[in-house]
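Working notes, beginning with the structure itself.
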Amino acid sequence: MYDMFQVLVFCLLTIIISFMLTPLIKKLALKVNAIDKPGERRVNVKAMPTLGGLAIYLSFYFSLFFLQPIPFKQVLPLFVASTVIIITGMIDDLIEISPKMKLLGILIAALIIYYVADIRMDLVTLPLIGKIQLGVFSLPITLIWILAITNAVNLIDGLDGLATGVSIIALTTMGIIGFFFLTIADVAVPIMIFTLVAASIGFLPYNFFPARIFLGDTGALFLGFMISIMSLQGLKNATLITVIIPVVILGIPITDTVAAILRRRLNRKPISSADKMHLHHRLMTLGLTHRQTVLAIYSIAAMFSLIALMYPLSTFWGSIMLTVGLLLGLELFMELIGLVSEERRPLLSRFRRFAKKLNRKR
């Protein structure tokens, strides 16, 4: 039995540890020349120390190993897998490796999670169909889930405090749903989620605009990887709703990733190519300042989280209607800001044509 007051106190201590550790990581980053320099693909106008995610990683695992009442054998496989992610991110922050090499690092970590930690998607229960054992498809589906979410979070790390704040919002929502609404067999999972939130909160004051240190790929990959793992914990025996909930919670990074893939496909460019058409770029093009853009995206992420919290309280058909409404609203939003393309706006074009027809009839 867990003493929740003690867990809360340890979470507060984790915030303090992370806050105190971040300046030391900044000094380390400057010493090893882990610096993000301004460039065509960058928003920052001055050189900035990176490796910030190392502070989150160290404070998080210090808390799990020495403070929180989580069994050592439960934490160890996660620690090993996420260490692979941290090493991959650190190498990229220091010498900038290719997307394929980063993908390899994530894949190795994901295989550790699947085979050693035994965290995977095994069974899906669908309405009108019933239970479907994934069998041989369990491995590829689990790997795709981890790769997709890890890269999605990494992709939105384009402004000061953006990926950190969005991750905090997503993880907090995940922890609330896991603890209060869904039956996750082990309460240790929400405790780990809230510990990661605490480690991220301690880092955020240094990362928010104007940032004094960046997450770097070290932190963006780590947060994305951990979010994918935490969301998988409740998906071992998944239902349609339990699959939808984490996707909605991660609405911002997933929307930005899907839009980037579509945009590059339409422009006949490689998926791994970079551009300045991401969500934060589009909002800044519309006239928002750096800080306003980050706060606007936080607000959108919070809206996604509130919608996700409605799913456990809804009936099946209520959830379907909620999803349809969400998708329509999302499509309109993407078209309004030109996230996929400034020219291709099919839904808005149809609305305009319909409005013209109505005016003619009058």
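Structure notes:
- Low-density loop cleavage sites - trypsin sites (Lys or Arg not before Pro) in the range 236-320, where at most 12 other Cβ are within 10 Å (DSSP): Arg268
- Farthest toward positive dipole pole in the chain [+1 Lys/Arg, -1 Asp/Glu at C-beta], among Ile112, Ala302, Thr83: Ala302
- Surface calculation, 1.4 Å probe, protein heavy atoms: Phe354 sits at approximately 120 Å² accessible.
- Student exercise, the chain dipole from Lys, Arg, Asp, Glu Cβ charges, in Debye to nearest 20: 1760
- Helix runs (DSSP H) in the chain reaching 15 Å along axis by Cα, Kyte-Doolittle at least 0.5: 4-31, 53-66, 72-95, 99-115, 138-155, 162-176, 188-207, 216-233, 251-266, 290-310, 316-337
- Accessible surface of Lys356 - all protein chains present, 1.4 Å probe, nearest 10 Å²: 120
- Fraction of accessible area attributable to carbon and sulfur, the range 111-245 (%, probe 1.4 Å): 70
- The 1.4 Å probe gives accessible areas that order Lys357, Lys31, Lys102, largest first, as Lys31, Lys357, Lys102.
- For Ala355 and Phe316, the FRET efficiency from 1/(1 + (r/R0)^6), where r spans their Cβ atoms and R0 equals 35 Å, is about 0.50.
- Listed residues Val248, Ser273, Pro312: farthest to the positive end of the dipole of the range 244-360 (Cβ charges): Ser273
- Relative contact order computed over the range 190-348 (Cα-Cα under 8 Å; 6+ residues apart), in percent: 23
- Once both labels are positioned 7 Å from their Cα atoms along Cα-to-Cβ, the gap between Ala302 and Phe181 label points is 1.8 nm.
- Highest GNM mean-square fluctuation among Asp93, Asp122, Asp160, for the chain modelled with Cα contacts below 10 Å: Asp122.
- Largest GNM mean-square fluctuation across Glu96, Glu335, Glu343, computed for the chain with C-alpha springs under 10 Å, falls on Glu343.
- Sorting Trp317, Trp145 on solvent-accessible area from highest to lowest, probe radius 1.4 Å, gives Trp317, Trp145.
- Based on Cα contacts under 8 Å between residues 6+ apart, the range 47-178 shows a relative contact order of 16 percent.
- Centroid-to-centroid, using Cα positions, the range 314-335 and the range 197-243 are 25 Å apart.
- Per residue accessible area of the chain, 1.4 Å probe, in Å²: 49
- Applying D = kT/(6 pi eta Rh) to the range 19-114, where Rh is the Kirkwood radius over alpha-carbon pairs, T corresponds to 10 °C and eta to 1.306 mPa s, the Stokes-Einstein value obtained is 107 µm²/s.
- GNM flexibility winner over the chain from Leu347, Leu332, Leu223 (Cα, springs under 10 Å): Leu347
- Ordered by solvent-accessible area of protein heavy atoms (1.4 Å probe), largest first, the residues Leu339, Leu322 come out as Leu322, Leu339.
- Isotropically averaged projected area of the range 4-236, using the convex hull of Cα atoms (one quarter of hull area), nm²: 13.1
- Normalised contact order of the chain, rounded percent, pairs of Cα under 8 Å and 6 or more residues apart: 21
The values are calculated or read from the model by the stated rules, or taken from the named source; none is laboratory data. All of these numbers come straight from a predicted model, not from anything done at the bench. Glycine also receives a Cβ, built like all others from the backbone with ideal geometry; neighbour counts cover every protein chain displayed. With ligands, DNA and RNA removed, areas are computed over all heavy atoms of the protein, side chains included. Shrake-Rupley method; radii C 1.70, N 1.55, O 1.52, S 1.80 Å.
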